Amino acid sequence: MITASELREKYFAFFKEKGHSIIPSAPLVPENDPTVLFTTAGMHPLVPYLMGEKHPAGKRLANVQKCVRTGDIDEVGDTTHLT
């Protein structure tokens, strides 16, 4: 059985081999973004770069991003929605 840590390392190794820069996860409470209380999607911290700003690590990026999802909170506990 593979641990979450081992899976994360394999994920990073795959993308690093393909020329991606590994960037750190952003905080759950976004910095410098008063429009949201929490990071609600993995892409949220990258919005400025998706809108045209240049990321210091380049265009090919990979990370594992923590996020809080609430849109489907009433479904948590069924066979497909976990916490």
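The values are calculated or read from the model by the stated rules, or taken from the named source; none is laboratory data. Predicted, not measured: the structure shown is a model, and the values here were computed from it. Neighbour counts run over all protein chains shown; Cβ positions are idealised from the backbone, glycine included.
Annotations
- When HIS44 is tested against (1) closer than 18 Å to TYR11 by Cα; (2) out of contact with any strand residue (DSSP E or B) (no Cβ under 8 Å at 6 or more places or on another chain), just one condition goes unmet, and that condition is (1).
- One residue stands out in the range 38-64 among those that are modelled with pLDDT under 90 and part of a loop (DSSP other than H, G, I, E, B): the one that is surrounded by the fewest Cβ atoms within 10 Å (Cβ to Cβ), namely MET43.
- The range 1-37 - residue that is part of a helix (DSSP H, G or I) and hydroxyl-bearing (Ser, Thr, Tyr) and, of those, nearest to ALA62 (Cα to Cα): TYR11
- When SER5, SER25 are checked against the criterion of being out of contact with any strand residue (DSSP E or B) (no Cβ under 7 Å at 6 or more places or on another chain) and without any contact (Cβ under 8 Å) to a residue 12 or more places away in the chain, SER5 stands alone in meeting it.
- Check on SER25, exposed (fewer than 14 other Cβ atoms within 10 Å of the Cβ) and among the hydroxyl-bearing types (Ser, Thr, Tyr): yes
- The set of residues in the range 65-83 that are at pLDDT 85 or above and of a type in the set (S, T, N, Q) contains only GLN65.
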